[in-house]
Amino acid sequence: MSYIKRDIESKILILSQEYACLLITGPRQVGKTTMLQRLMSPERTYVTLDDMEERKLAKNDPALFLQMHDLPILIDEVQYAPELFSCIKMAIDNGAAPGSFWLTGSQAFQMMELAQESLAGRTALLHMPGLTQHEVYGSGESMPFSVNLQALKDRKTAGAPVNMEGIYQRIWKGALPGYVSGKYTDRNVFYSSYLQTYIDRDVSEQVTLTDKLLFQDFIRAAACRVGQMLNIHDIAKDVGVSDDTAKRWLQVLEKSDIIFYLRPYSNNLLKRTVKTPKMYFFDTGLVAYLTRYSSPDILQNGAINGAILENYVVSEIMKSYQNNAQDCLLWYYRDKSSNEIDMVMESDGLLHPLEIKRSVNPGSELAGAFSILDKGSVPRGTGAVLCMRPELSAINSQTLIVPIWMI
């Protein structure tokens with residue numbers, strides 16, 4: 001087992017020279033603590049609020065807690081003691097040095113809400129995703145994904161070429177360092193334990209569960225629908241719960257970074273677009289486990305092979321932006337005439353349509369829907385088909401062919 005260097009590390013070190021407080025959120029077990037412990041200097045104090053005594057002190061007397069621990073400090077799982085934020089705010093206002101506070105939390109929505117209330121303007125907020133294919137298999141510097149031709153040429157040198165079988169191995173293996181690094185080798189035990197810990201610790205804090213197995217069935221029902229337009233009623237019906245319960249449970253999954261949504265693109269000139277988001281999981285390995293695909297080969301030929309590939313591509317693009325502390329302006333397009341574009345990315349005032357295909361030799365018809373965006377108020381830029389082709393290529397001057405291993 002070896003440590004996998006994270007792309008977000010350089011951004012954390014740079015921001016630590018400018019901000020007194022850094023707050024790093026992200027899903028459970030993506031490696032936040034491991035990374036920060038490797039980055040921190042020997043004089044930095046480490047405290048985890050998983051320790052019940054430390055948590056009790058932080059909640060009951062946050063001022064004393066900070067007096068007991070010297071700065072600079074790394075406080076792990078800080079969401080367990082939101083009472084600390086007002087004291088940290090005071091310390092920053094009183095001149096705390098850059099890098100004094102490193103905070104981590106596994107519940108991004110809750111953490112952002114608390115931080116924005118107490119630490120607005122005083123804290124660098126970073127979201128750390130699971131591992132990217134660049135971190136695991138690539139080399140060199142990582143940049144946010146772009147359809148710019150020169151940027152894609154530069155990107156070739158940082159990626160690791162692989163065929164379709166290799167892509168599905170990456171999808172099946174997932175993005176959690178504990179399994180990808182080889183620390184844990186039994187995949188079924190790893191993901192089973194992950195789910196149990198998640199339900200026992202994160203879910204149970206947000207909703208009252210009378211049947212934990214029912215909630216696990218609910219996550220599985222959601223996993224069967226990755227890459228699809230969200231249909232709350234169908235998921236609820238599969239599990240045997242009310243639509244209101246399903247909606248509430250989906251909010252829990254989103255708040256704890258198990259799922260995320262891609263919203264539909266629209267503007268004032270595109271009036272017939274749909275309003276329903278598409279749902280994705282942050283980790284395709286978790287999807288493969290929940291949908292009971294026991295090997296990459298079976299997954300590659302299974303019923304969800306296209307949907308999980310789409311999930312993988314969307315999440316890889318999003319992660320490339322998160323690791324550079326940038327927002328990703330990404331949507332999908334679908335109108336009431338069933339015209340659809342898998343992704344629409346906005347960059348530098350242009351819309352870039354992106355289509356995802358399993359094909360090795362995609363034809364020009366795959367980009368047929370791209371011209372629909374010309375009816376909108378934002379100009380269309382270069383588009384791309386993201387596929388299994390081994391090399392960077394082009395259909396025409398407006399549409400590139402980009403290998404998925406390059407994302």
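The values are calculated or read from the model by the stated rules, or taken from the named source; none is laboratory data. In this text the structure is predicted, and so the values were computed from the model without any measurement. So basically every Cβ, Gly included, is an ideal-geometry build from the backbone, and we count neighbours across all protein chains shown. The area values use the complete protein model at the heavy-atom level, side chains included, leaving out ligands, DNA and RNA. Shrake-Rupley method; radii C 1.70, N 1.55, O 1.52, S 1.80 Å.
At-a-glance table
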{"read-out": "Selection from the stretch 342-363 of residues that are open to solvent by less than 50 Å² (accessible area, probe 1.4 Å), in a loop (DSSP other than H, G, I, E, B) and not small (Gly, Ala, Ser)", "value": "PRO362"}
{"read-out": "Residues located in the stretch 139-194, provided they are modelled with pLDDT under 95 and of a type in the set (Asp, Glu)", "value": "GLU141, ASP154"}
{"read-out": "Set GLU254, GLU310: member being buried (at least 22 other Cβ atoms within 10 Å of the Cβ), out of contact with any His (no Cβ under 7 Å at 6 or more places or on another chain), among the acidic types (Asp, Glu) and at negative phi", "value": "GLU310"}
{"read-out": "Checklist (1) crowded, with 21+ Cβ neighbours inside 10 Å; (2) within 29 Å of PRO177 (Cα to Cα) applied to ILE88, failing item", "value": "(2)"}
{"read-out": "Selection within the stretch 376-397 - open to solvent by less than 20 Å² (accessible area, probe 1.4 Å) and in contact with an Asp or Glu (Cβ under 9 Å, 6 or more places away or on another chain)", "value": "GLY381, GLY383, ALA384, VAL385, LEU386, CYS387"}
{"read-out": "Residue in the stretch 118-139 that is without any contact (Cβ under 8 Å) to a residue 12 or more places away in the chain, in a helix (DSSP H, G or I), more than 19 Å from the chain's Cα centre (by Cα) and surrounded by fewer than 19 Cβ atoms within 10 Å (Cβ to Cβ) present", "value": "no"}
{"read-out": "Within the stretch 269-303, tally of residues that are open to solvent by less than 30 Å² (accessible area, probe 1.4 Å) and either part of a strand (DSSP E or B) or in contact with an Asp or Glu (Cβ under 6 Å, 6 or more places away or on another chain) (or both)", "value": "6"}
{"read-out": "Residues that are open to solvent by less than 80 Å² (accessible area, probe 1.4 Å), part of a helix (DSSP H, G or I) and not hydrophobic (A, V, I, L, M, F, W, C), drawn from the stretch 26-37", "value": "LYS32, THR33, THR34"}
{"read-out": "Failed criterion for PHE65 (all others in (1) modelled with pLDDT of 95 or more; (2) closer than 25 Å to GLU254 by Cβ; (3) open to solvent by less than 30 Å² (accessible area, probe 1.4 Å); (4) of a type outside the set (Lys, Arg) hold)", "value": "(2)"}
{"read-out": "Candidates LEU373, LEU366, LEU400, filtered to the one that is surrounded by 15 or more Cβ atoms within 10 Å (Cβ to Cβ), among the hydrophobic types (A, V, I, L, M, F, W, C) and in a strand (DSSP E or B)", "value": "LEU400"}
{"read-out": "Residue satisfying condition, being of a type outside the set (Phe, Trp, Tyr), assigned to a loop (DSSP other than H, G, I, E, B) and in contact with a strand residue (DSSP E or B) (Cβ under 6 Å, 6 or more places away or on another chain), within set SER338, SER266", "value": "SER266"}
{"read-out": "Members of the stretch 250-264 found to be in contact with a helix residue (DSSP H, G or I) (Cβ under 8 Å, 6 or more places away or on another chain) and either within 16 Å of TYR332 (Cα to Cα) or modelled with pLDDT under 95 (or both), listed by number", "value": "VAL252, LEU253, GLU254, LYS255, SER256, ASP257, ILE258, PHE260, TYR261, LEU262"}
{"read-out": "Residues being within 23 Å of ASP202 (Cβ to Cβ) and exposed (fewer than 13 other Cβ atoms within 10 Å of the Cβ) - total across the stretch 38-59", "value": "3"}
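For (1) touching a Gly at 6+ places or on another chain (Cβ under 8 Å); (2) of a type in the set (Gly, Ala, Ser), each residue gets a yes or a no:
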{"position": "GLY95", "(1), (2)": "no, yes"}
{"position": "SER100", "(1), (2)": "no, yes"}
{"position": "LEU125", "(1), (2)": "no, no"}
{"position": "GLY140", "(1), (2)": "no, yes"}
{"position": "PRO144", "(1), (2)": "no, no"}
{"position": "THR157", "(1), (2)": "yes, no"}
{"position": "GLN169", "(1), (2)": "no, no"}
